[in-house]
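Data first, discussion second: the structure below is written as structure tokens.
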Amino acid sequence: MRRAWIAGVVLSGVLLGACTDPSSGPGAEPPPAPPKASATTHQRPVASPSAAPGKPPVVLYLGDSLAMESQEVLGGQLRTELRARYTSAPYSGTTLCDYLEGSAERSLVPAPDKAAALVRSSKPDYVVLQFWGNAWDYTPCMDGIAHGTSRERYFERYAADARRLTEQIAAAGGSRRPRIVWVLQGPDPITPDRVRRVNALYEERAAASGDLVADAGRTVSPAGARYSWTQYLPCDAHERAHPDYCTQPGHGRTALHRDDDYLHFCLAPTTSEPKPCPVRSPGILRMAREITRVIGEHVRTGRPAG
């Protein structure tokens, strides 16, 4: 297992599609060209005029490759549990600045799929933001600021982009300003402190703007060790009740990551064309269930989930 894990870390710079930080890893290099962006996915089974308590919410999901692989599972959870109307527009390799209006010429996200544009068109009650925190100079909108070479500038820029994105989403929503759900990320074995600080930034931004936090990363972390990376965790109650999600029932544990990919949670091989995960993957379901729980609690009570 140790040998497989090391091999996975070495290969991750090629496979992760600009979501991690090769400069701080064991010599991996960025891919030569940006990944192909996704087309916007629209799934709207039930219409709802508002997210008043008990009403089906309208949810918009934006993010990077973690959102790309998770978008269909999250949509299924939201529709099943909350009867939600759901729109997703993730793009692999992106970060917050890619979704800012005014960055179209230096961005991996086209103008029609910027956050504010989609808020105006889909009128969501909740905007879920799932970003690992593009930690190196991959997308042009980061202006060459990378975690490995300009650590404090990276965090300052990331905080500024989080504030700007919040402001643009709020302005686009007008009198029906949507709640933003900041998704906290899981552990990173290469730069654990970076993820800790990115998550703290999300929590600070949510508190300052009256928005929500979904600690999906906690569901893929060991109990009592929030920022310790692991490839396997004990099967939880839901996985034991649905054995297809308990990948090693004889050991009482389930896989979160493939041997060759320490970041993504899809248990199918990475493909050159980003797409939703095609196989059952416990890590994806764990995180989607937590995001759904947070939104559902807020819909029911008007208060953040505990």
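Assorted remarks:
- Filter pass, R83 being on the phi > 0 side of the Ramachandran plot, surrounded by fewer than 18 Cβ atoms within 10 Å (Cβ to Cβ) and without any contact (Cβ under 8 Å) to a residue 60 or more places away in the chain: yes
- Residue match in segment 38-59 (condition: polar (S, T, N, Q), surrounded by fewer than 23 Cβ atoms within 10 Å (Cβ to Cβ), more than 21 Å from R194 (Cβ to Cβ) and at pLDDT 95 or above): no
- For segment 268-282, the set of residues classified as touching a Leu at 6+ places or on another chain (Cβ under 8 Å) and either under 14 Å from S65 (Cα atoms) or surrounded by fewer than 20 Cβ atoms within 10 Å (Cβ to Cβ) (or both) consists of T270, C277, V279, R280, listed by residue number.
Okay, residues lined up against (1) more than 25 Å from D64 (Cα to Cα); (2) more than 19 Å from the chain's Cα centre (by Cα):
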site: A208; (1), (2): no, yes
site: G224; (1), (2): yes, yes
site: Q231; (1), (2): no, no
site: A241; (1), (2): yes, yes
site: R253; (1), (2): yes, yes
site: D259; (1), (2): no, yes
site: C266; (1), (2): no, no
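- All conditions but one from (1) touching a Pro at 6+ places or on another chain (Cβ under 9 Å); (2) crowded, with 18+ Cβ neighbours inside 10 Å; (3) of a type outside the set (F, W, Y) apply to R226; the one that does not is (2).
- Taking the conditions (1) touching a residue at least 12 places away in the same chain (Cβ under 8 Å); (2) in a helix (DSSP H, G or I) in turn, E297 satisfies each one other than (1).
- The combined condition, being touching a residue at least 12 places away in the same chain (Cβ under 8 Å), more than 30 Å from R289 (Cα to Cα) and either of a type outside the set (K, R) or not in a helix (DSSP H, G or I) (or both), is fulfilled by Y154.
- Leading residue by the ranking (nearest to A288 (Cα to Cα)) among those in segment 157-185 that are crowded, with 20+ Cβ neighbours inside 10 Å and of a type in the set (A, V, I, L, M): V183
- Within segment 77-116, the set of residues being basic (K, R) and part of a loop (DSSP other than H, G, I, E, B) comprises R83, K114.
The values are calculated or read from the model by the stated rules, or taken from the named source; none is laboratory data. Since this is a predicted model, take the numbers as computed values, not measurements. All Cβ positions, even for glycine, are placed from backbone atoms using ideal geometry, and neighbour counts span all protein chains on display.
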